[in-house]
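Once you've had a glance at the structure underneath, I'll fire off some questions.
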Amino acid sequence: MRYLYIVGALGSIGMQTLDIVRENPNEFKVVGISVGRNLELAKTVIEEFKPEIVCYRTKDKPSLSYNPIEVYGDDGLKEIANYSRYEDEVFVNALVGISGLIPTVEAIKSLKTICLANKETLVVAGDIIKSLIKEYNVPLVPIDSEHSAIAQCLTGEKHNEIKRLIITASGGSFRNRTREELVGVTKVDALKHPNWSMGSKITIDSATMMNKGFEVIEAHYLFDMPYEKIDTILHKESIVHSMVEYNDGSIKAHLGVSDMHNPISYALRYPHHAKQEIKSLDLFGLTLHFEELSQERFPCLSYAYMAAKKGGIYYAVLNAANEAAVSLFLNDKIEFLDIEKIIYSEIVKDEYSLIEYNLDNVIKVSYEIMERIIRKYGD
Ligand code: NDP
Ligand code: MG
């Protein structure tokens, strides 16, 4: 039995994780969850899974048939990460944004296996997380489909035989539009992802291609790969979830349906596959296309490489500017194309290079940037 703590349990990844638990009660038990603002859903989920500890986002909570330990807000997320009662504990981080960072840090220190969907954790603090993982000797397992695919392609292979990682990108909601056609696009259109059903922030990140930039950074940290050896490629079908090319020219690819249940299942059971089928792919009739992913068309991807080149605190600057801009766009305060302008205006600033890269500064700088940007455009 693996004992699960799921933060962000009511979101897209959180609910799909719960689907897997529901179908496999002999393998998984939910011990702790954090719920968001949807209290009706929170009640249903808590009553079904009966976790020992629940973190509410605010002081509002539903009435329940039993009394779990109740904790609240950011401190509550830390308490869930620190709560420890069982042998084989897994912390599934399905929060969105930098709010996922401290819970990941605490869960590492409490020696839980980390199943990471919250990509912002590795984007803003990849070096810090990697050294903590080493120090506490806990597994860090990706949930993101591309990294799950790469991890599977790397099984049994030698690091020095890898030529490059090839991360595939669907292109997001506006992949068939030119840059001129992006003027005035709406939130409703941006939220219509052609292949995946996901939370709103990552759906916008996919439309701007910042999501792919984040995934390049994640891959750099997860697989110890220099940026020169990480390529991205446009693959509209989202069937090949990513690839690894070896020095001899052979390429291993991972194929599957566009459904996050598969990578979540693999992460929860890593390094084993489920005994039964999760969602299988019908190979007949498949046609696969691969095209260059242009950084001129998708400048946010180039901004991620820029931030990576500058390194240190610039990862946090990149993420904070993006997080604030996406939230402004989702709240109808700015246009879609303003997102990339806001990010660029932050990462070109030289003054951030004076700030030392450590956990406290990552958090401080992130919240300062987000608050300043939201204040500037928010009214
Ligand atoms: P969602 O927006 O669907 O869910 C996020 C959940 O976290 C929500 O329930 C939200 O609560 C809760 N939450 C967010 N911030 C806080 C906070 N500060 N305190 C407490 N709860 C909070 O996101 P996704 O599931 O789509 O994504 C989660 C992460 O996984 C992201 O980092 C994303 O990039 C990554 N990811 C997602 C994929 C997907 O298919 N969805 C694929 C690969 C990666 P509330 O309901 O109150 O807003
Ligand atoms: Mg992905």
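Take the conditions β-branched (Val, Ile, Thr) and touching a His at 6+ places or on another chain (Cβ under 7 Å) and apply them to Ile230. Does it pass? Talk me through it step by step, then tell me what you get.
Numbers: β-branched (Val, Ile, Thr): yes; touching a His at 6+ places or on another chain (Cβ under 7 Å): yes.
The answer is yes for Ile230.
Out of all the residues in the range 25-40, which are over 17 Å from Tyr83 (Cβ atoms) and in a loop (DSSP other than H, G, I, E, B)?
Selection gives Pro25, Asn26, Glu27, Gly36, Arg37, Asn38.
Here's a follow-up. I need the full set of residues from the range 194-249 which are of a type in the set (A, V, I, L, M, F, W, C) and within 22 Å of Ser131 (Cα to Cα), in order please. Give the steps one after another, and end with the answer.
Narrowing the range 194-249 to residues of a type in the set (A, V, I, L, M, F, W, C): 196, 198, 202, 204, 207, 209-210, 214, 216-217, 219, 222-223, 225, 230, 233-234, 239-240, 243-244.
If the condition is that a residue be of a type in the set (A, V, I, L, M, F, W, C) and within 22 Å of Ser131 (Cα to Cα), then Phe214, Val216, Ile217, Ala219, Leu222, Phe223, Met225, Ile230 are the ones that fit.
Starting from the range 287-316, take each residue that is among the hydroxyl-bearing types (Ser, Thr, Tyr) and list its partners that are at pLDDT 95 or above and outside any helix (DSSP H, G or I), counting only C-beta distances under 8 angstrom and pairs at least six apart or across chains.
Short answer, once both residue conditions are applied: Thr287/Glu237; Ser302/Gln295; Tyr305/Gln295.
Please determine whether any residue of the range 275-298 is crowded, with 23+ Cβ neighbours inside 10 Å, under 30 Å from Met1 (Cα atoms) and among the aliphatic types (A, V, I, L, M).
Step one: of the range 275-298, the residues crowded, with 23+ Cβ neighbours inside 10 Å are 298.
From what is left, the residues that are under 30 Å from Met1 (Cα atoms) are none.
Within the range 275-298, not a single residue is crowded, with 23+ Cβ neighbours inside 10 Å, under 30 Å from Met1 (Cα atoms) and among the aliphatic types (A, V, I, L, M).
Here is a follow-up. Take the residues in the range 245-257 that are within 16 Å of ligand 2 (Cβ to nearest atom) and either of a type in the set (A, V, I, L, M) or more than 12 Å from Glu146 (Cβ to Cβ) (or both), then tell me which one is surrounded by the most Cβ atoms within 10 Å (Cβ to Cβ).
It comes out as Ala253.
Pick from the range 344-364 the residues that are among the β-branched types (Val, Ile, Thr) and in a loop (DSSP other than H, G, I, E, B): which of them is surrounded by the fewest Cβ atoms within 10 Å (Cβ to Cβ)?
In this case the residue turns out to be Val348.
Okay, residues lined up against (1) open to solvent by 50 Å² or more (accessible area, probe 1.4 Å); (2) free of Cβ contacts under 8 Å to residues at least 40 places away in the same chain:
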residue: Ser170; (1), (2): no, no
residue: Ser173; (1), (2): no, yes
residue: Ser197; (1), (2): yes, no
residue: Tyr227; (1), (2): no, no
residue: Asn262; (1), (2): no, no
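Specify which of the listed residues (Lys236, Lys252, Lys279) is among the basic types (Lys, Arg) and within 26 Å of Arg177 (Cα to Cα).
Exactly one residue qualifies, and that residue is Lys236.
Which of the residues that make up the range 127-164 are β-branched (Val, Ile, Thr), open to solvent by 20 Å² or more (accessible area, probe 1.4 Å) and assigned to a helix (DSSP H, G or I)?
Answer for the range 127-164, where residues must be β-branched (Val, Ile, Thr), open to solvent by 20 Å² or more (accessible area, probe 1.4 Å) and assigned to a helix (DSSP H, G or I): Ile128, Ile133.
Follow-up question, since we're still on this one. Which ones in the range 299-310 are open to solvent by less than 90 Å² (accessible area, probe 1.4 Å) and of a type in the set (Lys, Arg)?
Lys310
From (1) out of contact with any helix residue (DSSP H, G or I) (no Cβ under 9 Å at 6 or more places or on another chain); (2) crowded, with 17+ Cβ neighbours inside 10 Å, pick out the condition that doesn't hold for Val188.
All conditions are met except number (2).
Here are Leu111, Leu116, Leu165, Leu122: which of them is on the phi > 0 side of the Ramachandran plot and aliphatic (A, V, I, L, M)?
Leu111
Among the residues of the range 90-111, which ones are over 10 Å from Val7 (Cβ atoms) and open to solvent by less than 10 Å² (accessible area, probe 1.4 Å)?
Val90, Gly97, Ile98, Leu101, Val105, Ile108 - these are the residues of the range 90-111 that are over 10 Å from Val7 (Cβ atoms) and open to solvent by less than 10 Å² (accessible area, probe 1.4 Å).
Could you figure out which of (1) more than 14 Å from ligand 2 (Cβ to nearest atom); (2) over 30 Å from Tyr246 (Cβ atoms); (3) of a type in the set (A, V, I, L, M, F, W, C); (4) surrounded by 20 or more Cβ atoms within 10 Å (Cβ to Cβ) isn't true of Ile202?
It is condition (1) that Ile202 fails.
So, one more: Kindly indicate the residue of the range 1-33 that is in contact with a helix residue (DSSP H, G or I) (Cβ under 6 Å, 6 or more places away or on another chain) and of a type outside the set (A, V, I, L, M) and also farthest from ligand 1 (Cβ to nearest atom) among those meeting that condition.
Taking the candidates together, the pick is Phe28.
Taking the range 11-24, which residues are closer than 14 Å to Ser99 by Cβ and part of a loop (DSSP other than H, G, I, E, B)?
Scanning the range 11-24 gives a single hit, Gly11.
On to the next question. Looking at the range 112-123 only, could you name the residues that are among the β-branched types (Val, Ile, Thr) and either under 12 Å from the mean Cα position of the chain (by Cα) or surrounded by fewer than 19 Cβ atoms within 10 Å (Cβ to Cβ) (or both)?
Thr121, Val123
When you scan the range 28-49, do you find a residue that is out of contact with any His (no Cβ under 9 Å at 6 or more places or on another chain), touching a residue at least 60 places away in the same chain (Cβ under 8 Å) and closer than 22 Å to Asp205 by Cβ, even just one? Outline the logic, then answer.
The first filter runs over the range 28-49 and keeps only residues out of contact with any His (no Cβ under 9 Å at 6 or more places or on another chain), leaving 28-49.
Keeping just the survivors that are touching a residue at least 60 places away in the same chain (Cβ under 8 Å) gives 28, 34.
Next cut, closer than 22 Å to Asp205 by Cβ only: 34.
The answer is yes, given that some residue of the range 28-49 is out of contact with any His (no Cβ under 9 Å at 6 or more places or on another chain), touching a residue at least 60 places away in the same chain (Cβ under 8 Å) and closer than 22 Å to Asp205 by Cβ.
Would you please name the residue that is least open to solvent (accessible area, probe 1.4 Å), looking only at residues in the range 365-379 that are more than 21 Å from the chain's Cα centre (by Cα) and closer than 16 Å to Ser99 by Cβ?
My answer is Ile374.
The values are calculated or read from the model by the stated rules, or taken from the named source; none is laboratory data. All of these numbers come straight from a predicted model, not from anything done at the bench. For neighbour counting, all protein chains shown are included, and Cβ atoms are generated from backbone atoms with ideal geometry for every residue, glycine included. All accessible areas refer to the heavy atoms of the entire protein, side chains included, with ligands and DNA or RNA removed. Shrake-Rupley method; radii C 1.70, N 1.55, O 1.52, S 1.80 Å.
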